[in-house]
1. Listed highest first by mean packing, meaning other Cβ atoms within 10 Å per residue, what order do 6-18, 58-70 come in?
2. Cross-link candidates for Lys42: which aspartates and glutamates have Cα within less than 14 Å, leaving aside residues fewer than 8 places away along the same chain?
3. What is the distance, in nm, between label points placed 7 Å from the Cα along the Cα-to-Cβ direction at Thr16 and at Thr59?
4. Residues with amide H under 5 Å of Gly54's amide H, sequence separation 5 or more or different chain, H placed in the peptide plane at 1.01 Å from N; which?
5. Excluding residues on the same chain fewer than 8 positions from Lys35, give the aspartates and glutamates whose Cα lies under 14 Å from its Cα.
Amino acid sequence: ATPQTLEGRTVVVTGTLANYNREQAEEAITSRGGKSPGSVSKKTFALVVGESAGASKLTKAEALGVPILDEADFEQLLATGELPAT
């Protein structure tokens, strides 16, 4: 049983991650109770940004004040459900 660290939270992934393909990243999110839609909205809890990230998602996240995470931050989020301290 996977801990439900992302229960009710929406996490969007953009770009290429070193340790996850897109399906694996989405599975990591949904298996912990979260949602992983293809677009950023005001309901988005965090945006995970990898290599070659889409500029439109990044721009929208910045405009909405959505926290932007790198892969290490994403792994911490999966483990704890907490955003890393900035």
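1. 6-18, 58-70
2. Glu62
3. Inter-label distance under the simple model: 2.3 nm.
4. Those lying under 5 Å, H to H, from Gly54 are Gly15.
5. Result set, ordered by chain and number: Glu7, Glu23, Glu26, Glu27.
No lab work stands behind these numbers, since they all come straight from the coordinates. Given the structure is predicted, the values throughout are model-derived calculations rather than measurements. FYI the Cβ positions are ideal-geometry reconstructions off the backbone, even for glycines, and counts take in every protein chain you see.
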